[in-house]
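Participant: Got a structure here, written out as structure tokens. Questions coming.
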Amino acid sequence: MKKVLVVDDSNVDLKNLERIVSDAGAVVITASSGAEAIAKAKETKPQLIMLDVNMPGLDGFSTARQLASDPATKGIPVVFVTSKDQKADRVFAQMLGAKGYVTKPYAPADILANL
């Protein structure tokens, strides 16, 4: 069974993503900040991280950069799930090694396609 870390500072978005991913049969771990995501990624070793970009403190891009630079988490694929829909954001996500990029609002199929 796949273990997925879902990260979003919005409780509504977090619960929605958690439901979609768990209904697909994955074990879901949640975090509501970049710092919490890094700690939980090290602790739980998920097979995938679904990461919001716009978060207070450590944003999603900075979180992904830190995950990629840590030997304990650098192999975990990251899919950004964000309201940021500019081409520059997508290019930056690719430069950070993102496995996928889903923009809000999304359909459950958009999320499932990245599991």
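Participant: Name the lysines eligible as straight-distance cross-link partners of LYS45: C-alpha to C-alpha under 23 Å, and not fewer than 8 places from it in the same chain.
Facilitator: Within reach: LYS2, LYS3, LYS15, LYS74, LYS99.
Participant: Write down Rg/Rh for region 15-68, rounded to two decimals, with Rg from the C-alpha atoms and Rh from the Kirkwood relation over Cα pairs.
Facilitator: 0.96
Participant: Which of these, LEU96, LEU67, LEU17, has the largest mean-square fluctuation under a Gaussian network model of the chain (Cα springs below 10 Å)?
Facilitator: Ranking LEU96, LEU67, LEU17 by mean-square fluctuation puts LEU96 first.
Participant: Go from 0 up to the bin containing the longest alpha carbon distance in the chain, width 10 Å each, and give me the % of pairs per bin.
Facilitator: The distribution over the chain is 15, 54, 29, 1, given as percents.
Participant: Give, rounded to the nearest 20 debye, the magnitude of the charge dipole that region 1-91 has about its Cα centre when Lys and Arg contribute +1 at Cβ and Asp and Glu contribute -1 at Cβ.
Facilitator: 360 debye
Participant: Okay, next question. Rank ALA98, ALA37, ALA26 by mean-square fluctuation in a GNM of the chain with C-alpha springs under 10 angstrom and give only the top-ranked residue.
Facilitator: Maximum fluctuation in the GNM of the chain, among the listed residues, is at ALA26.
Participant: Between GLY100, GLY60, GLY75, where does the largest GNM mean-square fluctuation fall for the chain, given springs only between Cα atoms within less than 10 Å?
Facilitator: Evaluated over the chain, the most mobile residue of the options is GLY75.
Quick note: the coordinates plus some simple rules give every number you see, no bench work behind them. It should be emphasised that the depicted structure is a prediction, and the values quoted were computed from it without experimental measurement. Every residue, glycine among them, receives a Cβ derived from its backbone with ideal geometry; neighbour counts consider all protein chains shown.
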